[in-house]
Amino acid sequence: LLSFDEVDKDWLTRFDRHLAKTAPSANSRNIHLRNIRAAFNAGIDDDLTSAYPFRRFKIRPDPTPSRALTAEQVRAFLAAPVSDAQREFRDCWEISFLLAGANVCDLLSLRTRDVDGAHIGFKRQKTGQPVRLPLCQRLLELFAQYKGEDGYLLRFGTRYAGEEEYVRHLNRAVKGIAGLASVSSYYARYSFASIASELGWTDDVVGLCLGHAKKGVTSVYIRANRQPQVDACVRSVWEAVGRG
């Protein structure tokens with residue numbers, strides 16, 4: 001066992017190099033380094049030590065690879081030929097993207113009553129925040145093609161044990177379409193946000209489209225007053241990928 005005084009910057013550097021022999025990912029190694037840092041923080045709180053080597057040794061995570069596709073890549077992805085086995089999952093991905101990156105759990109929960117004229121409104125499962133988004137002809141066509149039963153808007157997932165199993169099949173099916181080896185369900189959301197930002201929409205407006213949590217009672221009124229901006233933002237992304 002080592003004492004707190006024996007673990008200094010040089011020891012941490014050597015330990016990190018040792019871990020790199022079997023864990024080349026910095027993020028994997030950082031789990032162990034953060035545990036050591038937590039032990040030092042606890043030792044300081046309990047008056048067991050005043051040493052703190054992390055003032056000089058910095059834990060530097062690897063940047064997470066981008067999960068966003070460009071507008072050109074989304075167009076290629078949606079236009080690429082697919083097998084019969086891939087088609088439903090690619091269509092599900094497209095619905096998610098056109099609905100401002102709605103998560104699969106949101107799609108599986110949609111009800112026919114959520115469609116109100118030229119809009120669809122629902123609460124995001126993750127944040128509980130209300131979202132109201134415009135509809136385009138392509139979405140209406142997909143809704144009709146994958147019409148659900150018992151009041152559900154879509155029939156996705158009915159053949160599977162649950163959302164997680166459906167997402168696994170979706171992720172497996174969409175990989176490699178249009179030469180994009182790493183596409184997954186999450187890319188729909190990140191891609192929508194990235195394209196909207198590149199088109200000049202502010203983080204605030206993009207957040208309203210995505211259903212980010214807003215604090216305060218006034219958020220309900222803010223969302224209602226800014227619906228025209230949400231509609232315009234979503235439609236601009238549709239046009240950027242050839243679905244407007």
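The values are calculated or read from the model by the stated rules, or taken from the named source; none is laboratory data. Keep in mind that what you see is a predicted model, and the values were worked out from it rather than measured. Neighbour counts run over all protein chains shown; Cβ positions are idealised from the backbone, glycine included. The accessibility values were calculated without ligands, DNA or RNA, using every heavy atom of the protein model including side chains. Shrake-Rupley method; radii C 1.70, N 1.55, O 1.52, S 1.80 Å.
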Note the count of lysine pairs whose C-alpha atoms are less than 19 angstrom apart in the chain, limited to pairs 8 or more residues apart or on different chains.
5
Most packed first (mean Cβ within 10 Å per residue), the peptides 188-198, 231-241, 132-142 order as 188-198, 231-241, 132-142
FRET efficiency estimate (nearest 0.05) - Cβ-Cβ, GLU6 to ASN41, R0 22 angstrom
0.80
Can you give me the accessible area per residue for segment 1-129, using a 1.4 Å probe, in Å²?
59
Among rounded, prolate and oblate, which fits segment 60-215 when a ≥ b ≥ c are the square roots of the eigenvalues of its C-alpha gyration tensor, a/c under 1.5 means rounded, and a/b larger than b/c means prolate?
rounded
Using a simple spin-label model with points 7 Å from Cα along the Cα→Cβ vector, what separation in nm is obtained for LYS175 and THR127?
3.0
Can you compute the charge dipole magnitude of segment 1-44 about its Cα centre, using +1 on each Lys and Arg Cβ and -1 on each Asp and Glu Cβ, nothing else charged? Give it in debye, rounded to the nearest 20.
260
Of the accessible area of the chain, with the probe set at 1.4 angstrom, what percent is carbon plus sulfur?
50
Can you find, among CYS105, GLN227, THR70, the residue sitting farthest towards the positive end of the charge dipole of the chain, where Lys and Arg contribute +1 and Asp and Glu -1 at Cβ?
THR70
Provide the convex hull volume over Cα atoms per residue for segment 1-93, in Å³.
193
For segment 133-209, accessible area per residue (1.4 Å probe, heavy atoms of protein chains only), Å²
51
Treating the beta-carbon of each Lys and Arg as +1 and of each Asp and Glu as -1, no other charges, what is the dipole magnitude of the chain about its Cα centre, to the nearest 20 debye?
200
So which residue, out of ARG55, ARG226, ARG87, gets the largest mean-square fluctuation from a GNM of the chain using Cα contacts under 10 Å as springs?
ARG55
Computed about the Cα centre, the charge dipole of segment 81-158 from +1 Lys/Arg and -1 Asp/Glu charges at the Cβ has a magnitude in debye, to the nearest 20, of 280
Please list the non-local residues whose amide H lies under 5 Å from the amide H of SER182, H modeled 1.01 Å from N, same-chain partners needing a gap of 5 or more.
GLY176
Determine, for each peptide in 120-126, 41-47, the mean count of other beta carbons within 10 angstrom over its residues, then list the peptides with the highest first.
120-126, 41-47
